[in-house]
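Each remark here refers to the structure printed beneath this line.
The values are calculated or read from the model by the stated rules, or taken from the named source; none is laboratory data. Keep in mind that this is a model prediction, so the values were computed, not measured. Cβ placement follows ideal geometry from the backbone for every residue including glycine, while neighbour counts extend to all protein chains displayed.
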Amino acid sequence: MSVRTPSIRRATPHDIEAIVQLWTDSFRYHEAIDPRYEMSDDAVGFMRTYFQKQFEADSFFAVACVKDLVVGYVSAYVYETSPVHRERQVGFIDGLFVSEQHRKGGIGTQLYRMAEDWLSEKGMHTVRLGVSALNETGLAFWSKNGFTPVMVNMTKAI
């Protein structure tokens with residue numbers, strides 16, 4: 001199997017450590033582009049527990065594998081919006097990351113589409129996500145997949 005033809009499958013609890021490592025790589029990427037991201041001492045343990053709970057919740061969790069190596073993941077769930085909105089539930093992409101050496105081969109798009117299909121099967125008509133304003137790669141990826149900005153979150157140190 002080549003880098004360009006990964007297998008995409010639903011994640012299992014056996015994938016947790018590989019997913020935690022990918023999440024850590026993602027966080028380190030964000031730290032490098034924006035110094036306001038700084039990982040807490042207990043972040044990895046928190047995320048390990050968070051990912052383990054994904055298997056107990058009604059959520060979607062998939063991985064991309066090249067041979068036996070997990071090289072990417074996506075997680076999604078149905079999000080309850082505020083009662084002031086007409087659309088009370090939307091799909092939410094909680095995370096998507098592909099290891100640097102396996103990017104630009106369509107893995108991220110395959111992972112995203114699998115999550116979108118799951119959300120559509122759940123009756124969702126809208127998908128939301130968050131992406132760092134300084135993450136040019138992420139912004140380009142999500143724009144390519146049809147996403148447009150709706151809300152801008154702003155920060156100020158005091």
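Can you confirm whether the range 145-154 contains a residue that is surrounded by 15 or more Cβ atoms within 10 Å (Cβ to Cβ), touching a helix residue (DSSP H, G or I) at 6+ places or on another chain (Cβ under 7 Å), under 20 Å from residue 8 (Cβ atoms) and among the polar types (S, T, N, Q)?
Checked the range 145-154: at least one residue is surrounded by 15 or more Cβ atoms within 10 Å (Cβ to Cβ), touching a helix residue (DSSP H, G or I) at 6+ places or on another chain (Cβ under 7 Å), under 20 Å from residue 8 (Cβ atoms) and among the polar types (S, T, N, Q).
Take the residues of the range 59-88 that are β-branched (Val, Ile, Thr) and without any contact (Cβ under 8 Å) to a residue 40 or more places away in the chain: which is surrounded by the most Cβ atoms within 10 Å (Cβ to Cβ)?
Taking the candidates together, the pick is 81.
Within the range 70-107, track down each residue that is in contact with a His (Cβ under 9 Å, 6 or more places away or on another chain) and within 18 Å of residue 26 (Cα to Cα).
71, 72
Considering (1) farther than 16 Å from residue 119 by Cβ; (2) out of contact with any Leu (no Cβ under 9 Å at 6 or more places or on another chain), say which one residue 81 fails and leave the rest.
(1)
Using the structure shown, decide if residue 27 is closer than 23 Å to residue 155 by Cβ, assigned to a helix (DSSP H, G or I) and either touching a residue at least 40 places away in the same chain (Cβ under 8 Å) or out of contact with any Phe, Trp or Tyr (no Cβ under 6 Å at 6 or more places or on another chain) (or both).
Considered against the rule, which asks whether it is closer than 23 Å to residue 155 by Cβ, assigned to a helix (DSSP H, G or I) and either touching a residue at least 40 places away in the same chain (Cβ under 8 Å) or out of contact with any Phe, Trp or Tyr (no Cβ under 6 Å at 6 or more places or on another chain) (or both), residue 27 comes out as yes.
Condition check: more than 15 Å from the chain's Cα centre (by Cα) and farther than 25 Å from residue 34 by Cα. Does residue 122 satisfy that?
yes
Just to check your reading of the model, which residue among 134, 96, 129, 139 is out of contact with any Cys (no Cβ under 6 Å at 6 or more places or on another chain), buried (at least 20 other Cβ atoms within 10 Å of the Cβ) and either more than 28 Å from residue 13 (Cα to Cα) or modelled with pLDDT of 95 or more (or both)?
Unique residue meeting the criteria: 96.
Across the range 100-125, which residue is nearest to residue 145 (Cα to Cα) among those that are polar (S, T, N, Q) and at pLDDT 95 or above?
Residue satisfying both the conditions and the ranking: 109.
Looking at (1) part of a helix (DSSP H, G or I); (2) touching a residue at least 24 places away in the same chain (Cβ under 8 Å); (3) not hydroxyl-bearing (Ser, Thr, Tyr), which is the only condition residue 91 fails?
(1)
Just wondering, is there one or more residues in the range 40-50 that are of a type in the set (Asp, Glu) and surrounded by 14 or more Cβ atoms within 10 Å (Cβ to Cβ)?
Within the range 40-50, none of the residues are of a type in the set (Asp, Glu) and surrounded by 14 or more Cβ atoms within 10 Å (Cβ to Cβ).
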